[in-house]
Amino acid sequence: MASIVTLISGRGSNFEAIVKTAQKEGWPVEFTGVIANHSAAKGLDFARSQGIPAFSIEHREHATRESFDAALMMKIDELGADLVVLAGFMRILTPGFIRHFEGRLINIHPALLPAFPGLHTHERALAAGVAEHGASVHFVTEGVDEGPIICQASVSVHPDDTADSLAARVLAAEHQIYPRAVKWFLDGRLRIEGNQVQVQPPESQLIKL
């Protein structure tokens, strides 16, 4: 049975969406642990309510990013992870960490990559006047938000949108595509070719909402 370790920093709503989808669809998967970079992360409470081991590794207790990542890596390896899922984990990971989990480390970003990598994506999308915005699930590489894209969801930008209203629709889209991407990985359907991901057998990697 495949195992998943999830990293969070806040309420972990995408983690919750993945767990609930797995339960509803009866995935053959074990959620072996959730790790937050601070003990106040609300997603730890959800994990405990589901019987999923929950841990915090305080990044402020580590003098360097490398030290924190080494502790995180050790805990993930201890828990065992076929897949490491970043679900609102607000830390930039070191190259050594990323290389250690290469090909089994995925993230979700609230934009239609390659547009708007980094922070404040909704404000930037509105400022740019785009007609569509959305979310992308991708493999993590050393370049920030540059890894091969697994799937995306697009939402229309409304004339009266604010950053908050747009963010709410994008988050709902995230909850649809992240479980889909995780299931594709668990089913062995993903093939990385250069900086592209192919789904076998083919299935749409973009949904419009």
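The values are calculated or read from the model by the stated rules, or taken from the named source; none is laboratory data. Everything quoted here is computed from the prediction, not taken from an experiment. Because the Cβ atoms are built from the backbone with ideal geometry, glycine has one as well, and the counts that use them run over all protein chains shown.
Below, the figures for the structure above:
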quantity	calculated
Gln196 touching a residue at least 40 places away in the same chain (Cβ under 8 Å) and either among the hydroxyl-bearing types (Ser, Thr, Tyr) or surrounded by fewer than 16 Cβ atoms within 10 Å (Cβ to Cβ) (or both)	yes
Condition broken by Phe116, with the remaining ones in (1) out of contact with any Asp or Glu (no Cβ under 9 Å at 6 or more places or on another chain); (2) part of a loop (DSSP other than H, G, I, E, B) satisfied	(1)
When residues of the range 17-28 are limited to those that are crowded, with 19+ Cβ neighbours inside 10 Å and of a type outside the set (Gly, Ala, Ser), the one nearest to the chain's Cα centre (by Cα)	Ile18
Qualifying positions in the range 140-153 - out of contact with any helix residue (DSSP H, G or I) (no Cβ under 8 Å at 6 or more places or on another chain) and either under 13 Å from Gln205 (Cβ atoms) or in a helix (DSSP H, G or I) (or both)	Pro148, Ile149
From Gly43, Gly88, Gly33, Gly80, residue being among the small types (Gly, Ala, Ser), surrounded by fewer than 17 Cβ atoms within 10 Å (Cβ to Cβ) and closer than 29 Å to Asp187 by Cα	Gly80
Condition met for Pro95 (touching a residue at least 40 places away in the same chain (Cβ under 8 Å) and in the same structural domain as Arg11 (by TED's automatic domain parsing))	yes
Selection from the range 93-143 of residues that are charged (D, E, K, R), surrounded by 15 or more Cβ atoms within 10 Å (Cβ to Cβ) and under 15 Å from the mean Cα position of the chain (by Cα)	Arg104
Tally, over the range 100-113, of residues that are over 16 Å from Val197 (Cβ atoms) and in a loop (DSSP other than H, G, I, E, B)	3
